[in-house]
Structures are given as C-alpha cells and as structure tokens.
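J.: Sharing a structure here in structure tokens format.
What follows draws every value from the coordinates through simple rules; no lab data is involved. Quantities reported herein were computed from a predicted structural model and do not represent experimental measurements. Cβ coordinates were reconstructed from backbone atoms using ideal geometry, including for glycine residues, and neighbour counts include every protein chain displayed.
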C-alpha cells in the first residue's frame, strides 16, 4: 500500500522526524484559507507516483488568491493516470543542503538496507548509476537493527567521497543525522514498510534536518497488523489506495491480484508464475492478453466466480482462458466456481479451461457434466482460445 | 520509580492488556460520584507498597453513600508510612481463576525473566517457597524477546504441575494468555521496567484475561527516556514519587541517594560500597548511623554541599562523618564543597573528614587551610566521630 | 539418492489440523511420505488418522526424532512456526504458507541461518522425490522417478515441468520449489550445489521468473562450478514492467530482475534457455535419455 | 604475569575528549598505561596530548591494533559504546560509566557474549596491574606490585583494600573492580578463574556486598576448584533491607543476596571472611609474605 506524501509525513512525524508545517486541501478555497492563515506555501498534488513536479503538480504561491488559482489548476490534472483530488499545502523549507535517505528491502542480502547520500534531490537514481560510491549503504541486523554507531558509520561512508569541506563538518553532520536515521529505520520496521524514503532530506545551516518529501510503501501482506492505519488512510480520501486504472481499482476492492493490459484474451490462473506463463503462451500463439489475474493458492469457488466477473467487466475481452494446475488449489473447487459463474453471469463468450493437478479427476468430471470440455495441455488450450478470439 | 496501581494499569492498557474500568478519586465525593455513575466498585488506596488490603486500604461498596463513607475512612489511613491521598474506584471483576504473571530482572541469568503461575493471588511468594514448580519461568532472548511459541511454552510449563482438568483446557488457555504475555514483555521492554507484575491476573469463564492488580517499577537510570511519562505521573499527584519518609522525600527532590536510619551519626561517602562500609564502621565503633548518603562517582562541590545540607535536616544528627576515597571523584572538588557548606550553612556540629585517593594532596591541603583536619584511615575517623557524638 | 528428502526422512507437519494441513497430510501419506507427527498447540496427546499430535515442535521432535517439518499454518503465525522449528534445530524446514509479512521473513531467515538449519520457501510448493517422499503440495500423480533435478521459483510452473517431463518419459530425481517471496530460504544456487553432488541427478531444469536476482546469481555459480547440463525457463517475459514508486528499489536492484538480464546471464553460463515448457522437455531430451519404464 | 592487562596491552579510550575521559587518560598515562588512541566521533585525525583520535572504534583498532578499550562516555551512550567495541571484536572492554539503563546492559552483555569478548563493568573502577597498566579510575599512587589478586564489586572498597594491603607491605598482582550494576560483565568467578592460573597470584581478596548472587556463585566455584587462599569481605552487613515492591524480585532471588547467605557460603567454601578492611590485611598476612621492598 503506497501512502500519499502527506500521509507518509504524518507517519514519519510520529517517529520523531521533522517535517514542514502543512495542511490538506481538497478545494481551491481550502488551499487559499491555508495560505491566508500560514503564509506562502508550496501546493503539492497528492498522487502515489513520481514526476508530479514535471507534470505541473507543484506550485509555489505567495498569496491566497494565487493559492486558489493554482489549486484550481492542479485539481484538474491527471498525473500518469491518477486524477488529483487532494492537495498538500506546506510551508517552504529555507535554503538547505539536499540529502537522500531511504530504507528498502534488499532481496539479495535478505535484509532491509539503509541508504544515505549527500547528493539528494530529484536525480538520485542517476547518482546511483553514475557515482554509486556517493550512496552509502548499511544493512541492519535482522534482530539488533541499527545502533547509533551504525548510523554514524553510514554518515561517514556517505561523506568519504564528498567534498573536504563537508568531511570537516562530519562531527556535526553525524549528530544531526543520527536521530533521523534511527527514526526512519524504526518507522520502516514498525510500519512493515518495504520502502520508506525521504528525498530530499534538507539539512539547514543551523543543523536542522527536515523531511521535505516522503514516500512510504507498506507490505500488503502485513496490512492486517496496521488495520487502524489502513482504515484511517482509506477514510481520509484514500488517494493512496486508488489505482490509476479503473479496472485495477475495482480489482483492489474485490481483493484480486489483477493487472489490466491492452489485449482481448481474458486470462485467469492460479499462481503468479503460471499466469505469467499463460500470458506468454497467449502471445506466442498470436493472441493479446487482456489482463493478468492470479487467484492465488487454495482459491475457493467464490473467488473463481469473482475473478470471472472481474475479467468480464473489460468489454474488450472476447473470451477467457482459465489455466489451473492444482497444488494447494483443488480442481473441483475451481470447477464449481467456473460453472456457477457461467450460469449466474450468463457467460456466452468463449471459455477455454485447462485443468490438471490436485483433485483433477473430480474437477474435470464436474466441468464435463456441465458441458465445458477441459483441456490438459496449456499450449493446446492457449492455441484454442486464440483461434476462438482472434477474429471475433 | 514505582508507579501506583492505576498508573501501572494505564500503562498496561496502552500495550493492549485488559484492565477493569475505573477512575481516580481524590475526595470522598469523587468516589461517590464514580459509584453513582458506574455502579458497585472496589475502592482502593493508591500506595506504592504491598499489604494495603490487610491494612484496610480496600473496600468493596455498592452505593454512593457507602463509597463516600469508605473513601473518607481510607483517605485518613497511613499505610506503612504512606499517607493515602489518591483512591482508585474500579468495577468488580466477575468470579474468575486467579493467575500470576510477572516480568522482572534476573541478575543471575543477566536477563529479564517472565513468570507465570496458575496459583496467583496474594500468596504467590509462599508458592515460590513451597511449590516452586508451580511457577513457570522463561528467559527472553536479549534481542529476539518473546515469540508466541515461547509464550505458549510458558503456559504449558505453568500447567504441567497443575490439575488434569486445567491441563485439558491448555489449548484455550494458551490462546487466551499468549497476547497478555507478549504485551507484558513489550511493556517491560519499552518502559524500561525492572518489575512489571499482574497479580492476580483473572481468567474468566468466557476466556477473558483481566489485570486485576498491577505493579510497575521503572529503572531510575532509564527515566531520561521516559520524561513525558515521568512528568505526567508527577503532575497526576505524584503519589508514586513520594517516599514514606519525609527525609527521603526531600532527598529525592534533591536528587540524592539517601536512606534515613535511626541513629545520630550523619554519614556521607562516595560509592555505595564505601558508604555501606562507613555505616558498618560506625556501628563497629559503637555509634549509630543516622543515614546512608552516597554522593556517587565524580561528585561536584555543589553536590557535596547539597548532601551536607540534607544530612543536617535530621535534627537527631549530632555530627557528620564524611568518608571519601577518590577515584573518579576528586578530593579537591569534595574539599571545596565541604568548606563551602560549613561556611555558608554555619555548621557547628562535629565534622570528621577522611579523605584519600585522586587529588588527595590538593584536597587535604584545602581542608587544612580551612581549619579542618583530614584523616586518612577510615577506622580511625569512625572512632573519632563516634567518640565526638556518642554522648553529645 | 536424491536431495534433501528421501524414504528415510522423518516428517512432521505444523498446522496439521487446519483445512490445508489435514488435506495435504493425507495426500503426502498417500504418496508414501513418512509422516511421524503433527503439531497443533492444545491438541498434544490426540491422534489424527493415526498420526500423533504434539503441543510444541520441541515435544514432537523429542518423541519422533523428526528431521523435516512442513508448515501449513496461516500467514500471521507462519514466521513464528518457522522460528519455533529453527530454535529446536530441525535441519530442514519447508514452509508452504503464502502471504507472510516480508519483515517477519527477514527475521525468520536470519534465525534459520543462525541456527544452521535449512529453510525451503515460504510460498512454495515444497519438494518431491518421486517414489520416496513428498513434503508440500505438488500433485501426487504427476511425478516419475528418474534423473532430472528440478528447481523452480513458481509453484504451478514446477508442476508444469514435472508433468511435461514425466509425460515425455523423463523422470525426476528431486523437484524443489524454492518459492517466489522476496525473502526466502534455499536459493537456486543452494539447490544446484546439492544437485552437483547428487549421483542420481544427471541434468537440471531451472525455472525462474522476473524480479530479484536469484537467477543471475545461479548463472554465475553455474559458470563457475556446475558441470551438469542445465535447461532454464524464465516466465513473465512478456509481462509489462510493474509500476513502482520511489527510487530506493531501483537503486538497489538496478537492471537486475529484468527477463533480459536473466536470460543473458544464463545463456552466458552455457545454459539452454527454453521459450516454452515444451521446449524445456526437448532441451532435456538433448542431454539425458528417457527413464526406463520399469522405474517409478 | 598478571591477569587481563599488562605492559603489552594496547589501550584505547572511548570518550577521551570528555571531562572525565581526558582527566583519567592523563592519570593512566602517568601510571604508565600504553594508551594508543582515543575515539570521539567527528574528531578523527586530531590529536590530544599526542594521542591520535579516531571517529570510530573500527578505525582506531585498524590503525593501532588496540586490544583493550576503556569507556568513559555518558550513560545514555555507554551501552552503545560497549556494543560498538564488541562488534569490532576488541577482546577486553572496560566500562567505567555509572548509571547505564539496565535493559541496555542486558542487550550489551548478550552481544559481548555472542562476539566472544570480555566485558568488565560497567559502573566499575576498572583494573590495575601495578607497575604495568591501569585502565580506569583507581588512584595511581595506592598500588604496589606484588602477589595478591583483588576482585571487588565496590569501586571505593577496591581502593581501600589496595591501600590497606600496600601500606601493610603486601603488593598486588592485579586488582579488578567488577562493578556493582545488576547486569555486568566479568563475575567474581570469571576473575577467580583467571587468578587460578596466574603464576604471580598467590592469594586473592574478594570484596562483595549485599544483593545479587555473584558471591554465592563464587563460593561454589572456590569450593569446587579454586586452590589458592581467599580472604573475603562483605560490605553492607549492617544496612537495613531495602524496601521492595512486588513479589517478582523475591521469587527470583529468594534468600540469595542477604549478607548472611554470602558469608555462610564463603565460609563453607573455606574462605576467611573478615569483618573489617583491617582484618582483611591481617588475614592475607596469614597466607602470604609481604612483598620485598625492592619490587614496585
């Protein structure tokens, strides 16, 4: 679950990280009111995607009138598919050094990794490509986490390839940055965040450390531990819970793992690998997949029905390929879901089912009795659905 | 720092432990109001010491009138030196099994230890003596803490020597108790508690687990990490911060490690071992120590002066024995404090100073110049102060 | 021979009395797996289908001398189940559960390493040595005893490959599903190292997918020191790149994880990379002879 | 010979630029301690009184090959300083700081054990091998080279005993202050084990106090396998029992910790328990000869 900037900042504040004073505005008037009360501000579109600056989603304003005008403009924007419905009005941070601080999952090291760079700002990915030594990394111990000396070591590492002037200031920089580094790690750990990023992290002349932008993504598998946060964020407008694609929005509501694509063959399978392979097979046989839909392991007949209904919402879909290799998923359970969906939803579009694995005898029997002829080879089934839909 | 029952319960609630509904009352009227609003209650004296039940500090009341009468009575009590100034009015817990659950520091194992027993209630120390197998223990890993399976194992261990009936219910008891066990450990860890105890821990027929009484003692060395809690508790009446002895109360305000005793020789030293030995020496020479006062390591002259002032508040004190063996403490610093105190406080009672160790030349010189003759042998000094005060 | 499990394995199942645990315990027994116990807190002393139940993993191991555990407990409790087994020192822990919070797995994996035990999964189909032992959820009837080792990230594609090979007459030594979660136990390389010294394995099929860098690492290992033929397949090659947010992931992974990166690394290591499951079978046929019919 | 530190020790001081750190570094150098570096984050590259400073313990050890560290940093940062030294693997960590939160020490001590390094303290006066090396705050002039080992909980009583022995002509091999905090490093028993094999130590003085069970454990060890004469002193014998709250402490400690328990355990182990520091000296005189005057 991706949090919007202002939601992420509220979380970071809870862990003791300083963020600029700001407020939410959902209308131009609210933005104007905020500026009237608090003075000049940056008005920032709240969308769960990068690049909003270039897309015109940020305006620096001095007066309430300007705020109203800019807010009105930004609220009409659609940034990479995300319509802007929430703004964040925020006091400007004084001129300061722009650092980068992030924590994310490092699969290769089976650990979280903390990253710090004095070369923060928009271009951090470029820094990673061209001058990777400028990004210092630390891998927290799974149990012990990050100690103050680890944080100080990270700051020293970030400065080793920096200017001699900054190196001279390392004592002050270590003192200034250590609390924020420890807090960001604690935030990631306690929020089950797979990414927690501050860019830029401003360090002012007087040594204050301020998170000027923030991104947090919470592990979806761990959301059950953060129910109240989840509810709260959803209640606050739920910008972060909204996918840019309307079908994907719908799928999220239905709790389905669904990705919308451009083609016309609806694809459903159990297991991400199998569904990806299903898409590959459709393409190899000359068809174009309309979606990716993984019902996961051990799906119930209800879930299968739910999945079929979801896929059919896309009117571009000319037929559906259901590819099941039962392991923990039981073929009879899936078969019941397919039959129920076909009957209750009155599906008339072509339906090709490939079914094998756990309880396959039972499942295939059910399908045959219901007049659906199941295949056993995925390749043959792919060929069948493509020939049924290509010119439909 | 010892928390009062209601303060401890508020903390446990924060960690997800269920406590009975209750409210604070500082006057008989407040107690009556609470019972009027919430019905029958137990009215409990809030004192940081055990045995209040036997001392008449708990009353079970049905009506507001009864509440007022009992509250009035309890508010006049002095329980083992603690005058009662705060009451806790609490809904009665339905009949239930009384368990014991505690976590404390286990020096020998260099770890916290969790303890659980189905034989809870008042007599748990007796159980520890007579049937120690009924108290199950678990030593949390310093970094990994307590896992659910550790908590379940603790419940199983507590039941192994219990009735077959309870053993049969162990599945439900494990489910019921595990969250409370994990929460109590988290509370101790996060509050820097050296003791965190629920006795009795009630388990009702429907499987609810309720902390009917609670004791928390926070490590004084860690109070700097809990400043807001410390302030809050102090603001709430500060019952727990009050020592039963008025001199000890005063010493706490002055931030001095002081224990009030019955004798007439004021004793001040640096280091707990040295001060204890100073007391032993005074006794061995036939005197009676009036107090224990440890100025600790590296004391400043101000602290020494503060200590002298403290000791002299006790009018039973006929003379003072200052025993200093400087290590991190510097004798010159201490000497300055003694001279300053003598001059500013116009001390006329006998003052015997034994001074040796770090900077002793400088310290002794200062004393001599100020007309105080320092000794070097503790035994001789003890003899001197006793002979000066015994018949004073 | 085979890797990790065989007929001498002594297997317990954590979460045996749950819906999935019970169903698949039956399946595993039908396969011939020596299931010696189950663990469900509170049910110790009972039996289910003749298998003794225990309250804790420790008691189960004491009573049965188990050396493998299969975990079927729900996601909020699964990392704990792994750690319970690890602290008892069970040498092979196989976790089927899908949807375990990733930071739980960081800790669980670290504890397995500290205790020196092997973890397979989570979110994996488990392991199958045809004719001897199966722990997990791979369908019973698709395997065939033989000399092809399989190691795969995707569960369902593991089944596809087993079935494809069996139908074409190529039996398997052991099929190992390592699981697709970001933090998991045995890697491709760990399993390849086992196959390297397994006399019964003549060739290996490696089934990867987009994301992570396990395949690239396996390619480096193969190039360095794996001397048996390897056939690989990478799924998700036509999938659109997922949307991502923030820079942190990109800084860490760089170009690792793309299908191109994986295919190129494997080809560079001399691995035959097939475009379809059918091609996998054809490529295996170029390296080993079909398993004689009398073996199963 | 001596235990733990001698003239070949290479000592760094963490917190050397603080008030106490600086003063006692001067004292230690005056004593003859080989101080090879100091650690103060941000001051690496500077020198103080000719001693090089480093930003981290790791850098200090790399540059100086230090094998002992003395810690003088304030309580909120002291457990961290211990852990920094432990992760770098410094074999002997001596922490003088008083007032470290006890749960910090639970973690720090566990890490020292995990890393296989020795911790002395915290809240201790450190260690002194007269004529060779002192790390900590024991006053310089009170020691005298000789063959009596001292191990004590109380800092100031350590000084009393050193002074008492020296004045009576009995020199010390090494005096070790283990510190009085509930969770600390080396115990009486750990230090006795070192004295047991130290050829230069002919007898040992053990200074205990009320509370805890270190003395009882030491008594058990002495009875079992310590063969040199031991003289003990327990302070706080006339102190009133402290007020306590709750039952948990009593359940854990039982009757352990009382002066009676300690004295009886030690006497049972054949230890002479003295009533005063003077008696300690007399008792030592019964076991060893005074140190010849030409040694210091």
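J.: Need one word for the stretch D:138-287: rounded, prolate or oblate. Basis is the Cα gyration tensor (sqrt eigenvalues a ≥ b ≥ c); a/c below 1.5 gives rounded, then a/b vs b/c decides.
T.: Prolate, because a/c is 1.5 or more and a/b exceeds b/c.
J.: OK, next. Tell me, A:146, C:57 in order of fewest to most beta-carbon neighbours within 10 Å?
T.: Ranked by crowding around the Cβ, least crowded first: A:146, C:57.
J.: For label points placed 7 Å from Cα toward Cβ, what is the shortest-first list of nm distances from residue B:234 to its copies?
T.: 4.4
J.: May I pose another question? With a/c under 1.5 counting as rounded, go ahead and sort the stretch A:98-163 into rounded, prolate or oblate using the C-alpha gyration tensor (a ≥ b ≥ c being the square roots of the eigenvalues; past the cut-off, prolate if a/b is larger than b/c, else oblate).
T.: Note, shape of the stretch A:98-163 comes out oblate.
J.: Using helices alone, what [θ] at 222 nm do you get for chain A, with -39,500 (n - 2.57) per DSSP H run of 4 or more residues, divided over all residues and rounded to the nearest 500?
T.: That comes out to -12500 deg cm²/dmol.
J.: Still on this model: Given q = 0.18, 0.26 Å⁻¹, what are the Debye log10 I(q)/I(0) values for the stretch B:1-69, with equal point scatterers placed on the Cα positions and solvent ignored?
T.: Log10 I(q)/I(0), no solvent term: -0.74, -1.20.
J.: Between the stretch D:263-289 and the stretch A:335-392, what is the C-alpha centre distance in whole Å?
T.: Taking the Cα centre of each part, the stretch D:263-289 and the stretch A:335-392 sit 92 Å apart.
J.: Taking the Cα atoms only, what angle lies between the long axis of helix C:75-88 and the longest principal axis of chain C, rounded to 10 degrees?
T.: Once rounded, one gets 80 degrees.
J.: Estimate the FRET efficiency between residue B:376 and residue D:6 by the formula 1/(1 + (r/R0)^6), using the beta-carbon distance for r and 25 Å for R0, to the nearest 0.05.
T.: 0.25
J.: Additional query: Under the √(5λ) rule applied to the eigenvalues of the Cα gyration tensor, what semi-axes describe the equivalent ellipsoid of chain C? Give them in Å, descending.
T.: Ellipsoid semi-axes (Å, largest first): 31, 24, 15.
J.: I've got another one for you. Once you treat every alpha carbon in the stretch C:117-193 as an equal point and sum by Debye, what is log10 I(q)/I(0) at q = 0.13 Å⁻¹?
T.: Here the Debye-derived log intensity ratios amount to -0.33.
J.: Return a whole-number percent for the relative contact order of chain A, with Cα pairs under 8 Å and 6 or more residues apart as the contact set.
T.: Computed value for chain A: 13 percent relative contact order.
J.: Using the number of other C-beta atoms within 10 angstrom as an exposure proxy, rank A:313, A:355, B:310 with the fewest first.
T.: Result, fewest neighbours first: A:313, B:310, A:355.
J.: Additional query: Hey, fewest Cβ within 10 Å first, where do A:386, B:265 land in order?
T.: Ascending Cβ contact count within 10 Å gives the list A:386, B:265.
J.: At 7 Å along Cα-to-Cβ for each site, give me the label-to-label distance between residue C:30 and residue B:133 in nm.
T.: 4.6 nm
J.: Whose Cβ in chain A comes nearest the axis that rotates A onto B, and by how many Å?
T.: Residue with the nearest Cβ, plus whole-Å distance, for chain A: A:143, 2.
J.: Related question: Once the Cα atoms of helix D:102-115 and of chain D are each reduced to a long axis, what angle between those two axes, in degrees from 0 to 90 to the nearest 10, is obtained?
T.: The two axes meet at around 80 degrees.
J.: Turning to a different aspect of this structure: Only Cα pairs within less than 10 Å get springs; with that Gaussian network setup on chain B, which residue of B:18, B:348, B:278 has the largest fluctuation?
T.: With Cα springs under 10 Å in chain B, the top fluctuation among B:18, B:348, B:278 is at B:348.
J.: Which percent, nearest 5, of DSSP beta bridges in the protein assembly as shown are antiparallel?
T.: Here the antiparallel bridges make up roughly 50 percent for the protein assembly as shown.
J.: On a 0 to 90° scale, report how tilted helix B:5-14 is relative to the longest principal axis of chain B, with both axes built from alpha carbons and the result rounded to the nearest 10.
T.: Its long axis makes an angle of about 60 degrees.
J.: Then there's this: Per the Kirkwood definition applied to all pairs of different Cα atoms, how many angstroms is the hydrodynamic radius of the stretch A:246-389?
T.: Answer for the stretch A:246-389: a Kirkwood hydrodynamic radius of 14.4 Å.
J.: Separate question: Find how much the distance from residue A:349 to residue A:65 grows on full extension, using 0.36 nm per residue of separation minus their present alpha carbon separation; answer in nm with one decimal.
T.: Taking 0.36 nm per residue and subtracting the Cα distance, the gain is 96.7 nm.
J.: Still on this structure, I have one more. Along the Cα→Cβ direction, 7 angstrom out, place labels at residue B:21 and residue A:122. What is the inter-label distance in nm?
T.: Once both label points are built, they end up 5.8 nm from each other.
J.: Just for the Cα atoms in the stretch D:11-120, what are the lengths along the principal axes, largest first, rounded to whole Å?
T.: 36, 27, 27
J.: Any idea what diffusion coefficient the stretch D:49-112 gets from Stokes-Einstein, in µm²/s, Kirkwood Rh on alpha carbon pairs, 37 °C, 0.692 mPa s?
T.: Roughly 270 µm²/s, to the nearest whole number.
J.: Find the chain C residue whose Cβ sits closest to the rotation axis that carries C onto D, and give that distance in whole Å.
T.: Closest Cβ on chain C to the axis mapping it onto D, in Å: C:114, 5.
J.: Where the centroid of each part is defined by its Cα atoms, how far is the stretch C:214-239 from the stretch C:61-114 in Å?
T.: 27 Å
J.: Placing the label point 7 Å from Cα along the Cα-to-Cβ direction, what are the distances from residue C:114 to the equivalent spots in the other copies, shortest first, in nm to one decimal?
T.: 0.5
J.: Classify the stretch A:97-235: rounded, prolate or oblate, from the alpha-carbon gyration tensor (a ≥ b ≥ c, eigenvalue square roots; a/c under 1.5 rounded; otherwise prolate if a/b is larger than b/c)?
T.: prolate
J.: Let me ask something else. Could you work out which residue, out of B:142, B:108, B:379, moves most in a Gaussian network model of chain B, that is, has the largest mean-square fluctuation with Cα springs under 10 Å?
T.: B:108
J.: If you don't mind, another one. Taking 0.36 nm per residue of sequence separation and subtracting the Cα-Cα distance, how much length would be gained by fully extending the chain between residue A:78 and residue A:163, in nm to one decimal?
T.: Length difference between fully extended and current span is 26.5 nm.
J.: Using every alpha carbon pair in the stretch C:1-72, what percent of pairs falls into each 10 Å bin from 0 up to the bin containing the largest distance?
T.: 22, 58, 19, 1
J.: Placing a label point 7 Å from Cα toward Cβ, how far apart in nm is residue A:165 from its equivalents in the other copies, listed shortest first to one decimal?
T.: From this label point to the equivalent ones elsewhere in the assembly: 8.1 nm.
J.: After finding the eigenvalues of the alpha carbon gyration tensor for the protein assembly as shown, what semi-axes result from the square roots of 5 times each, listed largest first in whole Å?
T.: One finds semi-axes of 64, 36, 35 Å for the protein assembly as shown.
J.: Per DSSP helix of 4 or more residues, -39500 (n - 2.57); summed, then divided by the residues of chain C. What does that give at 222 nm, rounded to the nearest 500?
T.: Calculated at 222 nm, the ellipticity per residue is -11000 deg cm²/dmol.
J.: Sticking with this structure for a sec: Take the eigenvalues of the Cα gyration tensor for chain B, scale each by 5, and report the square roots as semi-axes in whole Å, largest first.
T.: 48, 26, 18
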